[in-house]
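Participant: Take a look at this one; I'll ask things after.
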Amino acid sequence: LQTSCWGQSTPSSAATEQLILVIGAGGNEEYAREFSQWGQAWQGLAEHQQWPLTVIDGSSQEHGSSRSQLQTELSELAAADNADMPSRLWIVLIGHGTAVGDNAKFNLVGSDVSAKELSAWLEPLSCPLVIVNCSSASAPFLPELSGPQRMVVTATRAASELNYNRFGKYLARSLEDLSVDIDHGMEGSVLEAVRAAFCGTEQLDRDESRRTTAHALCADNGD
């Protein structure tokens, strides 16, 4: 799945990839605004690629809690006929994260979701997955979610990287930036986008005289 990618040309209507975008609890207006902006880039990608899109946004509770929405969405996909299963499912988590030891959680409005819980919800799915967790302390999600036909991206390489980081900002920017296409394939890949986002985050921290707040990880070999 290292070639998980999106093209510059308009895809055919036969494309059946699907995106679930989860925007977590902002905590304050500044973070909520940033998370919304990052999410808009992913929504733009889904629109351009003609992917079915589900947005779970903690700022709106009209459809129930974010946690229950996500669990229900994944349960319905798992119960779908093979003909209705996406050829690849993208799950993107944008927000804050916390961890105590290796017990990591993604922060939602209301009850959070842990790496172990998300792993259990994903277990029944048979389609290839791309899972992107842009939150702090997200590293434990990688070993918990890794498996065959899965690509997992985390913003951090350790649960102890708890500080707010802007990896998600630079990853969102790279979705529409053809300069990340280092192999000149006229399309952007997850690996290329992650490399660009890490460099952007590292440069920002350097410019602001801080230690690097995030060391992104990307794995697709199921080990």
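Participant: Rounded to a whole number of µm²/s, how large is the Stokes-Einstein D of region 70-167 at 10 °C and 1.306 mPa s, given Rh as the Kirkwood radius over C-alpha pairs?
Facilitator: D = 116 µm²/s.
Participant: A further question on this structure: Tell me which residues come under 5 Å, amide H to amide H, from I91 once H is placed; ignore anything under 5 positions away on its chain.
Facilitator: I20, V130, I131, V132
Only the coordinates and a few stated rules stand behind these numbers; no lab work does. Everything numeric in this text was worked out from a predicted model, so none of it was measured.
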